[in-house]
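These notes are about the structure you will find just below.
The values are calculated or read from the model by the stated rules, or taken from the named source; none is laboratory data. Since the model is a prediction, treat every value here as computed from it, not as a measurement. No Cβ is skipped: glycine too gets one built from the backbone with ideal geometry, and neighbour counts run over all protein chains shown. All accessible areas refer to the heavy atoms of the entire protein, side chains included, with ligands and DNA or RNA removed. Shrake-Rupley method; radii C 1.70, N 1.55, O 1.52, S 1.80 Å.
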Amino acid sequence: MNQPHQAKRPVSAALAGPYGHPFHPMLVTIPIGAWAAGLVFDIASQLVADPHFLSQGAMWLIAVGVIGALGAAMAGFLDLFAVPTGTRAFRLALTHMTLNLLVTAAYLGNFLWRHSETVTGSVPAGPLTLNAAAFLTLAVSGWLGGRLSYRYGVRVADEATQAEGFVSAGRSSQRTH
């Protein structure tokens, strides 16, 4: 029988984060935030009189997101090693990872596409469409990542540990661990 508790402990706490506090969810905020802002800049570039700064800003936000995604992927890959193979959680984790790698490749391609052309106005339709499609795929992958944590408890402290947070403050000082 596969042990669900195996998926709660990292392969290396120094690299993946300590028990119950993984680094991967913290690191994903960098690419998600950068790519969300990049999409907002792309859309805004279609609406203003002087869009050049928004087009340039979006390109560099995409680059920041790609760099951040590489760091998040390394921590996520370490988390994957803790999930027992042959389980629903493992298959879901592989799908999550595959989608994220595709999204990162799409954004890297988008950055290179933009960097190879001189854009002085609004972001062209091609890079804008690629940005939107990659972001929608990222949203699906993020939903799957949330399912790994909130449904299957991957890298989340077990229920006995979580219960410590629901002990009244007066009684918690009496407990020793």
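Worth pointing out:
- Karplus (6.51, -1.76, 1.60) ³J(HN,Hα), θ = phi - 60°, over region 87-101, in Hz, Gly and Pro reported as x: 10, 4, 4, 5, 4, 5, 5, 5, 5, 4, 5, 4, 4, 5, 5
- Region 24-177 shape via C-alpha gyration tensor axes, a/c threshold 1.5: prolate
- For region 102-112, 3J(HN,Hα) per residue [Karplus equation, 6.51 cos²θ - 1.76 cosθ + 1.60, θ = phi - 60°, Hz, x = Gly/Pro]: 5, 4, 4, 5, 5, 5, 4, x, 5, 4, 4
- Accessible surface, 1.4 Å probe, highest first, among residues 35, 113, 143: 143, 113, 35
- FRET efficiency for residue 151 and residue 26, using Cβ-Cβ distance with R0 set to 22 Å, rounded to 0.05: 0.65
- Neighbour-limited loop hits for trypsin sites (Lys or Arg not before Pro), region 77-166 (at most 16 other Cβ within 10 Å; DSSP other than H, G, I, E, B): 151
- Rounded FRET efficiency, nearest 0.05, which uses the C-beta distance separating residue 140 from residue 160 and R0 of 41 Å: 0.80
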